[in-house]
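The values are calculated or read from the model by the stated rules, or taken from the named source; none is laboratory data. Note that the structure is predicted; figures quoted are calculated from it, not measured. FYI the Cβ positions are ideal-geometry reconstructions off the backbone, even for glycines, and counts take in every protein chain you see. Each accessible area value is taken on the protein alone, full model and side chains, heavy atoms only, with ligands, DNA and RNA left out. Shrake-Rupley method; radii C 1.70, N 1.55, O 1.52, S 1.80 Å.
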Amino acid sequence: MLSIRAGKQAYQQIKEQGLQADDVKLLLGASGGPKWFVLQRLDRYLFGDWFAQRQTPLDTLGTSAGAWRFASLGQDDPVEASERFCQLYRTQEYSANPDRHEITAEAVALLEKYVPQHAVSQILGQTAVRQHMIVARSRGWSAHEDRRQALGLLAAASLNSVNRQWLKAFYQRVIFHHPASDCGFMRGWTEFNTQFVSLTHENFRSALLATGAIPLVLDGVKNIPGAPAGLYRDGGITDYHFDVDLSKVNGLVLYPHFSQQVVPGWFDKHLRWRRTYGERWPNVVLLTPTDEFLASLPYGKIPDRKDFAQLPVAERKRYWKQAVEQGQRLADEFAEAVESGTIRHRVEQWTA
């Protein structure tokens, strides 16, 4: 049910030594909305049992849902926080035809319950886990909430199909980071005019809200404290499943992911020739559900945002709860593999 693939360096290390919690220096989390539900039980194992053994700091990097997942880490009880986020998210309800204002209001209410201000103090007051979240600062037409935003998205998608770097005409990558992090492993990231902003009590929740602000679905977040003035949106626009240089990470990168494909940016979803592969990430360990697992889920797929519109509320909630529960199989397989050492025999080299 669980596929374990690793880039060349990570593969060789696991074959020889297995995988221990302290081998992992960076935890990666992708955009994808409710798709992450199948990973929640794996998160619960990682955040609680496995990472409890760590002796060294852990960096996290997330966009959108990935960043929201990782906001559990650093809270006094990360397992309880992850459970709370999952419960709040999967039981959301909207009117028959919600507009972006209603959806934004619901996101703000969820954020208040999931990461209240005292939780921000907990996260920033410890250094065992150092948060990093990516947010896209809008430019040009994309920096508006009216019809110009749609025109900006169309123009950005067209330019991106030719050259991904041309997205910088519409979006700037801004990385909000834990104040204890020097961001050393990402200092070479110059794409999209990357800027770095320290997380504070004043901007943590604004940055977290912004990294999940899907264009046309939620309102952007204006003028985040400590960051350059402007309108901020979903970090998945530039970094959907990531395509960044991870060679400066001093250790392994663990990437629990809901898809067997790694899509660089939001506009690349339908550009099948643009994917990230293991040869470009030699130190990454990629954990994904197998096709067999996906086929066993209700509707034969993982949850996604379309379920809000396509399923009755009660049916959607039941389906999402089942997806979370079935994800326990992924957690159990990973736990058995690392605790018994059989991961040395299960891991496959990730080349494509």
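Of everything in the stretch 262-313 that's aromatic (Phe, Trp, Tyr), open to solvent by 30 Å² or more (accessible area, probe 1.4 Å) and over 18 Å from the mean Cα position of the chain (by Cα), which residue is nearest to Leu26 (Cα to Cα)? Don't jump to the end; show me each part of the working.
Here is the first cut: in the stretch 262-313, the residues aromatic (Phe, Trp, Tyr) are 266-267, 273, 277, 281, 293, 299, 308.
Restricting the remaining residues to those that are open to solvent by 30 Å² or more (accessible area, probe 1.4 Å) gives 266-267, 273, 277, 299, 308.
Subsequent filtering for residues that are over 18 Å from the mean Cα position of the chain (by Cα) retains 273, 299, 308.
Details: Trp273: 27, Tyr299: 33, Phe308: 32 Å.
In this case the residue turns out to be Trp273.
Residues of the stretch 16-51 being among the charged types (D, E, K, R) and either over 30 Å from Asp219 (Cα atoms) or open to solvent by 10 Å² or more (accessible area, probe 1.4 Å) (or both), which ones?
Glu16, Asp22, Asp23, Lys25, Lys35, Arg41, Arg44, Asp49
Among the residues examined, Arg147 does not qualify as touching a residue at least 12 places away in the same chain (Cβ under 8 Å) and not β-branched (Val, Ile, Thr). On the given criteria, is Ile4 of a type outside the set (Ser, Thr, Tyr), part of a helix (DSSP H, G or I) and touching a residue at least 24 places away in the same chain (Cβ under 8 Å)? In short, no. Scanning the stretch 161-207 for residues that are under 23 Å from Val263 (Cα atoms) and touching a Pro at 6+ places or on another chain (Cβ under 6 Å) yields a count of 0. Among the residues of the stretch 267-288, just one is in a strand (DSSP E or B) and touching a Leu at 6+ places or on another chain (Cβ under 6 Å), namely Val285. From the residues in the stretch 52-65 that are in contact with a helix residue (DSSP H, G or I) (Cβ under 6 Å, 6 or more places away or on another chain) and in a helix (DSSP H, G or I), which one is most open to solvent (accessible area, probe 1.4 Å)? Once the filter is applied, the top-ranked residue is Gln53.
Check the stretch 316-339 and report whether any residue there is under 20 Å from the mean Cα position of the chain (by Cα) and part of a loop (DSSP other than H, G, I, E, B). Yes, the stretch 316-339 contains at least one residue that is under 20 Å from the mean Cα position of the chain (by Cα) and part of a loop (DSSP other than H, G, I, E, B). Within the stretch 1-52, the residues that satisfy the criterion of being among the aromatic types (Phe, Trp, Tyr) and within 19 Å of the chain's Cα centre (by Cα) are Trp36, Phe37, Tyr45, Phe47, Phe51.
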